[in-house]
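Written out below as structure tokens is the structure these notes cover.
The values are calculated or read from the model by the stated rules, or taken from the named source; none is laboratory data. For clarity, every value in this text was computed on a predicted model and none was experimentally measured. No Cβ is skipped: glycine too gets one built from the backbone with ideal geometry, and neighbour counts run over all protein chains shown.
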Amino acid sequence: MTRIFETPLYPYSRSPDQDAAQPVRHPVVVVGAGPVGLCAAIDLAMKDVPVVVLDDNDKVSFGSRAICFSKRTLEILDRLGVDPGLVDKGVTWNLGKVFFGDRQVYGFNLLPEAGHRRPAFINLQQYHFEKYLVDRVLDLAAQGKPIEIRGGSRVTAVDSRGDGVTLSVETPDGPYRLAADWLVACDGANSPIRAMLGLDFVGRVFEDNFLIADVVMEADFPTERWFWFDPPFNKGQSALLHKQPDGVWRIDLQLGWNIDKDVEKKPENVIPRLKAMLGEDVAFELEWVSIYTFQCRRMERFRHGHVLFAGDSAHQVSPFGARGANSGIQDTDNLAWKLKLVIDGAAPASLLDSYDAERVHGADENILNSSRSTDFITPKSETSRLFRDAVLDLSERYAFARPLVNSGRLSVPCAYDGLPLNGPDAEGLPGRTRPGTPAADAPVRDGWLLDSLNGGFRLMTIDADAPDRLEIGGIAVERLALSAADDPGGMLAERYLGDATSAVYLIRPDQHVAARWTAFDEAAVAAALVRATGRS
């Protein structure tokens, strides 16, 4: 059977743009057809914003690469209409175990409470993930949505002017030029767009290397995240084991700093390491091998005029914690609705500065957590190592030590606390759904809350009166009327009412809370909407 990462899914085809006398101008061009670029394009097309995706490849990624996709990412994919078979294909998990040497010292559950449609995480190889997204792109195009993906199209030059961007694109038929009102750069950690604009990262590169091996084997390990500190099969280092679909297992092995990467990737060196971990009698086949270095860095700004950076092109974190692809998809979730309002003239271009502010805030949160994880996993001094080992020893018997164990703080959605788009808050309502936070899912009627929120602004009322529809500054706000009685289990009330008997929430198109009150006030809602759209 031909593997999907060997099959062209969006082969090069000559575009009429290549025969135009002058560069054809598009509202949005996205560079890069990885998970982040595809999600950006899907979101924009669903909002009827014409978008062209340029990619120098014509198929999904080789190797599993990103595999851990978080609950928030799955909720975003639900909103984007991506085939829910993606979740069914993935390996669902909520539990993790931490080992020190050969003994378990700690276990955790990432989603201990009920009342959520999606699990804490699924594991799914990036090539499968991308295939579902490409299928969604092609499905939208077949429906007549304004989306196009051009394979075999490599951007070789960028000219960013005051009112837009002009690109030079190399194809099998030769070069051509096209223009865009807005360019979204999702072209990866080594972003050519970033280099062409003379921009770079700031941050840290840690002195350590890790081997990634995707191994095909039959094994009876449970569907959990297993992390070892100082295991007997990799003394003085660390290791990670994850299950993926199709009998593929992800293994990460710490190697140290002074290594020859090309030598370490050779099968004759990888296989003995894996046998030491799995046992001499375990039959396995190597599918993919790579080596990565911990990096926690970001661009100083994610917006540069009419060029917007998202995903790895804007920020990098160490893989432990699953914060790379997940945070990149949250970038696009934040960006698409703002770009739509700006293109439609319903908001000023300065609204895009809030994309920079909110997602830099998210990147800094990820970098902080990733840096702390890296420092715990790879202590830089003997004192740090003694502290870490003491924490691991104590965590086996004493609960107070367990929050200090850090095998990678796993991805959670960012709350935009204290940032300019947030409106007023009301006393007595739960802290978990304060302005700036993503809406928490909960059972409602015969379904789920997040499924009831569309891609626009919503006024969610719980046991409160309000109009069914508001028109404020040309922006429609539809009401979602709920009652605590819709959820006999009380989860809606717990997450949104707290001590109050009624509540009114203004929800942004990316399902983040913009403002909230205990009763409806049209002037207050209008002021909050003006603020949330960058017009105040």
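Looking for something among the polar types (S, T, N, Q), closer than 30 Å to residue 187 by Cα and in a strand (DSSP E or B) - is there at least one such residue anywhere in the stretch 223-241? No; the residues of the stretch 223-241 include none that is among the polar types (S, T, N, Q), closer than 30 Å to residue 187 by Cα and in a strand (DSSP E or B). Can you tell me which residue in the stretch 98-113 is nearest to residue 400 (Cα to Cα), limited to those that are aliphatic (A, V, I, L, M) and buried (at least 17 other Cβ atoms within 10 Å of the Cβ)? By that ranking, first place goes to 105. In the stretch 270-312, what residues are touching a helix residue (DSSP H, G or I) at 6+ places or on another chain (Cβ under 6 Å) and more than 17 Å from residue 251 (Cα to Cα)? Hits for the stretch 270-312 are 296, 298, 301, 302, 303, 310, 311. None of 118, 136 is part of a loop (DSSP other than H, G, I, E, B) and either crowded, with 19+ Cβ neighbours inside 10 Å or not assigned by TED's automatic domain parsing to the domain that holds residue 56 (or both) except 118. Here residue 471 meets each of (1) modelled with pLDDT under 95; (2) surrounded by fewer than 16 Cβ atoms within 10 Å (Cβ to Cβ); (3) within 30 Å of the chain's Cα centre (by Cα); (4) not small (Gly, Ala, Ser) with one exception, condition (3). Among the candidates 200, 187, 208, the residue that is crowded, with 20+ Cβ neighbours inside 10 Å and under 22 Å from the mean Cα position of the chain (by Cα) is uniquely 187.
Within the stretch 312-341, the residues that satisfy the criterion of being within 19 Å of residue 301 (Cα to Cα) and in contact with a Leu (Cβ under 6 Å, 6 or more places away or on another chain) are 336, 338. In the stretch 262-293, of all residues being surrounded by 15 or more Cβ atoms within 10 Å (Cβ to Cβ) and of a type in the set (Asp, Glu), the one that is farthest from residue 316 (Cα to Cα) corresponds to 287. Within the stretch 436-468, the set of residues being in a strand (DSSP E or B) and over 17 Å from residue 533 (Cβ atoms) comprises 438, 443, 444, 447, 448, 460, 461, 462.
Taking the stretch 139-189 as the range and being within 26 Å of residue 5 (Cα to Cα), at pLDDT below 95 and part of a strand (DSSP E or B) as the test, no residue passes. For the stretch 427-436, the criterion of being of a type in the set (Gly, Ala, Ser), surrounded by 21 or more Cβ atoms within 10 Å (Cβ to Cβ) and within 20 Å of the chain's Cα centre (by Cα) is met by at least one residue.
Listed conditions (1) among the charged types (D, E, K, R); (2) in contact (Cβ under 8 Å) with a residue 24 or more places away in the chain; (3) crowded, with 16+ Cβ neighbours inside 10 Å; (4) more than 23 Å from residue 417 (Cα to Cα) are all met by residue 458, apart from (4).
Whenever a residue of the stretch 486-498 is closer than 17 Å to residue 461 by Cβ and at pLDDT 90 or above, its partners that are aromatic (Phe, Trp, Tyr) and crowded, with 20+ Cβ neighbours inside 10 Å, lying with C-beta atoms within less than 8 angstrom and at least six residues away or across chains, give the pairs 496/505.
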